[in-house]
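Structure, as structure tokens:
Just so you know, all these numbers are worked out from the coordinates, no wet-lab data involved. What you see is a predicted model; the values in this text were computed from it and never measured. As a convention, Cβ positions derive from the backbone with ideal geometry for all residues, glycine included, and neighbour counts pool all protein chains shown.
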Amino acid sequence: MNEAIAQMLSRYQPETLQDHQQALREILQEVALLGLWRSNFFDRAALYGGTALRILYGLDRFSEDLDFSLLKPDPDFDLARYSSTLERELRAFGFEVSCEVKPKNKGAVRSAFLKANTIKELLTIEARPALIAGLHGAQVTKIKLEVDTDPPPGFETEARFLLLPIPFSVRSYSLPDLFAGKMHAVLCRKWGSRVKGRDWYDFVWFAGHHPQLRLGHLEQRMRQSGDWTEPMALSRTDLRDLLFEAIEMLNVEAARREVEPFVRDPRTLELWSREFFRDVAHRIVFV
């Protein structure tokens, strides 16, 4: 195993198959970020979402995808120009990963997938053969990359530094803007009858660790998505009313089940209730 990858793996001390799969995914994510940094991607874009919180700010749950936003709108942005750089970077650290870019659609989001054979890459990080004996030989580990080419205005970014596999930097949304984005997901994400417990988990994490939320950026996101159409600005009272309404409609048990595979200690979810979330809502600090 590459020495730097071995150092990264040591942070996880994986024992179960799930431990190894989560460690593998996160290591691939970080090496991909390194490849994007080498290609000057962060001169044009910033990382946001759950993976930004996990890798750059210490969120204590795993995240699946890499979500980015351009710094300013560009409908002609082409994600394909970075695919060979990503493959080359991952190959340099011992991983055989392909980057498949989806054709452009009418929307503002550009998408790609990093794909790797799960068994082969688990062996690359020296998972015990007995652990992976039950996996199908064709099973694929996928990491989705999405870039918003039409970002709503009113956000700030900052440079965050990672030391492994080598020292490099990642441009990220600032924490108040990340919280605004997460609140937009809590209030406006359309999942039909499903509920994304990860959004509610992150909401609690923000309130406990970084409670500042940039209300103006949240308003811009909600206007862009059509979820705030009033002529007046979104106020703190408006937001709390919307949040309490969402809490009242929340299927708490379904939310708990959805996020449970992504947290190491399910006991952290035992307090979840509508009363609990209403209390957490009062801890938001608006900036």
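Quick check: net charge around Pro167, other residues with Cβ under 14 Å of its Cβ, Lys/Arg +1 and Asp/Glu -1? Counting the neighbours of Pro167, the net charge comes to +1. Pairs of Cα atoms under 8 Å, at least six residues apart: use those to get the relative contact order of segment 176-286, whole percent. It rounds to 38 percent for segment 176-286. Between Met249 and Ala138, the modelled labels are 4.1 nm apart [label points 7 Å from Cα along Cα→Cβ]. Hand me the tally of lysine pairs in the chain: alpha carbons under 17 angstrom apart, and the pair either on different chains or 8 or more positions apart. So the count works out to 9. Applying the Karplus relation 6.51 cos²θ - 1.76 cosθ + 1.60 with θ = phi - 60° to segment 148-162 yields 3J(HN,Hα) values of 7, 8, 10, x, x, x, x, 10, 10, 10, 8, 8, 10, 10, 10 Hz, where x marks Gly and Pro. For the chain, the longest principal axis of the alpha carbon atoms and the long axis of helix 236-249 meet at an angle near 70°.
The angle separating the long axis of helix 197-209 from the principal Cα axis of greatest extent in the chain is about 80 degrees. Expressed as a rounded percentage, what relative contact order does segment 3-173 have, with Cα pairs under 8 Å and six or more residues apart? Taking the mean separation of contacting Cα pairs over the length of segment 3-173, I get 28 percent.
Between amide H atoms placed 1.01 Å from N, distances below 5 Å from Trp228 occur with Arg223, all of them 5 or more places distant or on a separate chain.
In summary, the convex hull built on the alpha carbon positions of segment 197-287 has an orientation-averaged projected area of 6.2 nm². Computed from phi, the 3J(HN,Hα) profile of segment 255-270 under the Karplus parametrisation 6.51, -1.76, 1.60 (θ = phi - 60°) reads 5, 4, 5, 5, 8, 3, x, 9, 10, 6, 10, x, 5, 5, 9, 5 Hz, with x in place of Gly and Pro. All other residues whose Cβ lies under 13 angstrom from that of Lys182 are scored, Lys and Arg at +1 and Asp and Glu at -1, for a net of +3. Here the convex hull built on the C-alpha positions of the chain has a volume of 138 cubic angstrom per residue. The Cβ shell under 13 Å around Ser63 holds other residues with a net charge of -2, Lys and Arg each +1, Asp and Glu each -1.
Computed from backbone phi with θ = phi - 60° and the Karplus coefficients 6.51, -1.76 and 1.60, the 3J(HN,Hα) list for segment 87-96 is 4, 5, 5, 5, 5, 5, 9, x, 9, 9 Hz; x is used for glycine and proline.
Using the Cβ-Cβ distance between Arg91 and Glu15 with R0 set to 25 Å, the FRET efficiency from 1/(1 + (r/R0)^6) comes to roughly 0.35.
Seen against the Cα atoms of the chain and their longest principal axis, helix 215-225 is set at about 80 degrees.
What share of the DSSP beta bridges in the chain is antiparallel, in percent to the nearest 5? Percentage antiparallel, nearest 5: 75. For segment 85-101 versus segment 1-74, the spacing of their alpha-carbon centroids is 14 Å.
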